[in-house]
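What follows is a single structure, written as structure tokens, with notes after it.
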Amino acid sequence: DALETADAYPKYNDYEGSGVDWLSDIPSRWTVAKLKYCIESLVSGATPKSTEDEYWASDEEEGVPWVAVGDMSETSSVDDTEKRVTKEGIDEADLETLPKGTLLYSIYASLGEVAVLGIPATTNQAILGITPDGDLISRDFLYYWLRHMRRHVEVLSSSNTQDNLSAGRVRNMPVYLPEVQEQRTIAKFLDRETDLIS
């Protein structure tokens, strides 16, 4: 089958202003919502004390993967991590183990990095784990939406010595939503286009 291009999809007839200074017009039949109304959970990570050896697994086969921003840079799927935490480390830092398929979103340093978790794992405090409400938003559509938002995310950040986002600001981020089936179609198209580029 010939690869479908953007021209193969029908154009939207009507657009309207997004109401957000830094976002362009959107198709008029799309709805707008805050991210917090489209997700089941948003989990913040943490870092066990680095000076306590008992909190960190010394063997690659032991412990639970612990995602830092470096683990999700330049990849769309996190399938391995540089460090792993022990049960004691998880208990000390009150970490939650996120299931495979969770969206990862960085809120410090490399602001707005997005990846999908390919393994069950914990994260540090620079990363949020996001589980979308599948009845309202497709995970893959949200992945691309958050990637698109990366160029605008500095507007939402608070800048001290470095840009950062709070979980509260991420929860209140705007999301523009077509119907879920249309979201899936858009995400599949973007998957194919991304594969062509990579």
> Quick one: ranking GLU113, GLU52, GLU62 by accessible area, 1.4 Å probe, largest first, what do you get?
Replying inline: GLU62, GLU52, GLU113
> Counting only protein chains, not ligands or nucleic acids, how are ASP135, ASP25 ordered by accessible area (probe 1.4 Å), most first?
Replying inline: ASP135, ASP25
> Taking K and R as +1 and D and E as -1, what net charge do the other residues with C-beta under 9 Å from the C-beta of PRO132 add up to?
Replying inline: -1
> Amide H neighbours of GLU96 under 5 Å, counting only residues 5+ apart in sequence or on other chains, H built in-plane at 1.01 Å?
Replying inline: THR123
>> What does the charge count around LEU42 come to, taking other residues whose C-beta lies under 10 Å from its C-beta (Lys +1, Arg +1, Asp -1, Glu -1)?
In response: +1
> Length gain on complete extension for the stretch HIS152 to GLU16, per 0.36 nm per residue less the alpha carbon to alpha carbon distance?
Replying inline: 47.0 nm
> Roughly how many Å² of THR122 are accessible to a 1.4 Å probe, to the nearest 10?
Replying inline: 0
>> Let me cross-check ARG184: its accessible surface, 1.4 Å probe, with only protein heavy atoms counted, in Å² to the nearest 10?
In response: 100
> So what J values fall out for the stretch 71-87 if you push phi through Karplus, 6.51 cos²θ - 1.76 cosθ + 1.60 with θ = phi - 60°, rounded to Hz, Gly and Pro as x?
Replying inline: 6, 10, 6, 6, 8, 9, 9, 8, 10, 7, 9, 6, 10, 10, 10, 8, 4
> What net charge is computed for the residues neighbouring ASP80, neighbours being all others with C-beta under 14 Å from the C-beta of ASP80, Lys and Arg scored +1, Asp and Glu -1?
Replying inline: -3
>> Please list, ordered by chain and number, the residues whose modelled amide H lies under 5 Å from the amide H of VAL78; skip anything fewer than 5 residues away on the same chain.
In response: VAL116, LEU117, GLY118
> What nm value, rounded to one decimal, do you get for the distance between LYS100 and GLU40 when each label is placed 7 Å out toward the C-beta?
Replying inline: 1.6
> Straight-line reach from LYS34: which lysines have a Cα under 30 Å away, not including same-chain ones fewer than 8 places off?
Replying inline: LYS11, LYS100, LYS188
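The values are calculated or read from the model by the stated rules, or taken from the named source; none is laboratory data. Quick caveat, the model's predicted, so the values are computed rather than measured. Neighbour counts run over all protein chains shown; Cβ positions are idealised from the backbone, glycine included. Remember, those area values only see protein heavy atoms, side chains included, never the ligands or the DNA or RNA. Shrake-Rupley method; radii C 1.70, N 1.55, O 1.52, S 1.80 Å.
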